[in-house]
1. I'd like to check something: does segment 36-58 contain any residue that is at pLDDT 95 or above, of a type in the set (S, T, N, Q), open to solvent by less than 60 Å² (accessible area, probe 1.4 Å) and touching a helix residue (DSSP H, G or I) at 6+ places or on another chain (Cβ under 7 Å)?
2. Where the second residue is surrounded by fewer than 11 Cβ atoms within 10 Å (Cβ to Cβ) and assigned to a helix (DSSP H, G or I) and the first is of a type in the set (D, E, K, R) and lies in segment 85-108, which pairs have Cβ atoms under 9 Å and are six or more apart or on separate chains?
3. Which residue, of 141, 130, 187, is in contact with a Leu (Cβ under 9 Å, 6 or more places away or on another chain), in contact (Cβ under 8 Å) with a residue 40 or more places away in the chain and not hydroxyl-bearing (Ser, Thr, Tyr)?
4. Look at residue 62 and say whether it is surrounded by 13 or more Cβ atoms within 10 Å (Cβ to Cβ), within 21 Å of the chain's Cα centre (by Cα) and at pLDDT 95 or above.
5. Between a residue in segment 56-77 that is under 16 Å from residue 174 (Cα atoms) and any residue that is part of a helix (DSSP H, G or I) and open to solvent by 50 Å² or more (accessible area, probe 1.4 Å), which pairs come within a Cβ distance under 9 Å, given they are 6 or more apart or on different chains?
6. With 59, 50 as the choices, which residue is closer than 26 Å to residue 163 by Cβ and outside any helix (DSSP H, G or I)?
7. State which residue is nearest to residue 33 (Cα to Cα) when the search covers only segment 131-170 and only residues that are exposed (fewer than 13 other Cβ atoms within 10 Å of the Cβ) and small (Gly, Ala, Ser).
8. Have a look at 187, 218 and point out the one that is at pLDDT 85 or above and surrounded by 13 or more Cβ atoms within 10 Å (Cβ to Cβ).
Amino acid sequence: MEKYAVLIGFGPDGWGLSIAWGLLTTVLLALATLPIGLLLGFLVALGKQSAEPSLRLASNIYTTIFRGLPELLTLFLVYFGGSLAVQKVFALIGFQGSVEVNAFAAGMIALGFVFSSYSSEVFLSAFRAIPKGQYEGAFAIGLTNFQTMRKIIFPQLIKIALPGLANLWMVLLKDTSLVSVISLTDILRQTSVAARVTKEPFLFYGVACLIYLALAIISSYFIARIEKWAEGSRKQPAASVVRQ
C-alpha cells in the first residue's frame with residue numbers, strides 16, 4: 001500500500017501532479033466545449049424549424065453527419081483534416097512547412113460539433129413543447145420576433161431543455177477522454193502514461209475511474225440545484241411572463 005501511495009502521490013516519484021494537470025485539462029476542455037455546443041445546437045434547432053427549405057435541409061444534413069459519425073472519427077477529421085486545410089491555405093500565400101492544429105482546439109471543435117448535433121434535438125423538442133399561444137400572445141401585445149424570443153420563448157425553452165442538456169453534459173465529460181489519442185494531456189492520457197511507465201495499469205486506470213466518477217457526482221449535484229431553481233421558476237404563470 002505504501003508503494004501505491006507513493007505512485008499516486010505528489011512527491012518526486014509520484015504521478016499525482018501529472019494526473020492533476022490532466023484533470024484540469026479535462027475540465028477546461030468540457031467547459032470550453034459547452035458554450036460552443038449550446039450555441040451551435042440552438043442555431044441548428046432554429047434552422048430545423050425555419051420556413052426556409054434550404055436552412056431546414058442544411059440543419060438536417062448537419063445533425064445527420066455528426067450524429068452518424070463516431071465521435072473518434074470526427075475528432076480525427078477535425079485534427080488531421082484541419083491541419084491539412086491550414087497547410088493548404090498557407091501554401092497559397094507562399095508558406096512551406098508542416099502545420100498542426102492545436103490539439104485542445106481540435107478537441108473543442110470536434111466535441112462541439114457532436115454536442116451541438118444532439119443538443120439541437122433537445123432544443124427542437126423544447127421549442128415544440130411551448131404552446132403556440134405564447135407566440136400569439138407576444139405578437140398581440142406588440143413584441144417583435146427578437147423580443148418574443150428573448151423575453152417569452154427563451155426562458156421557457158431553457159427550463160424545458162435543461163434535463164436533456166444535463167444528460168448531454170455528462171456524456172460530454174466522458175467524451176473528453178477521446179482527446180488522449182491526439183496527445184492532449186487529459187486524465188486518460190496521463191494515467192495511461194503512468195500505467196505504462198510503472199507497469200501498474202490497474203492502479204492508474206482505477207484512479208482514472210474514480211476521477212471520472214467524482215466529476216459525475218459533482219456535476220449531478222450542481223445539475224440538481226439548477227433543476228430545482230428552474231422548477232421553482234417554472235411555477236410563474238405564463239401570463240405574467242407575457243406581461244413582462
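The values are calculated or read from the model by the stated rules, or taken from the named source; none is laboratory data. Since the structure is predicted, the reported quantities are computational estimates derived from the model, not experimental observations. Ideal geometry is used to build each Cβ from the backbone, glycine not excepted, and the neighbour counts take in all protein chains shown. Accessible surface is based on the protein model in full, side chains and every heavy atom, while ligands, DNA and RNA are left aside. Shrake-Rupley method; radii C 1.70, N 1.55, O 1.52, S 1.80 Å.
1. No - not one qualifying residue is present in segment 36-58.
2. none
3. Within the list 141, 130, 187, the selection yields 187.
4. Numbers: surrounded by 13 or more Cβ atoms within 10 Å (Cβ to Cβ): yes; within 21 Å of the chain's Cα centre (by Cα): yes; at pLDDT 95 or above: yes.
Criteria met by residue 62.
5. Listed pairs, sorted by first residue: 72/181; 74/65; 74/113; 75/181.
6. Answer to the check: 50.
7. Taking the candidates together, the pick is 133.
8. Working: 218 fails: surrounded by 13 or more Cβ atoms within 10 Å (Cβ to Cβ).
Selected residue: 187, the only one of 187, 218 that is at pLDDT 85 or above and surrounded by 13 or more Cβ atoms within 10 Å (Cβ to Cβ).
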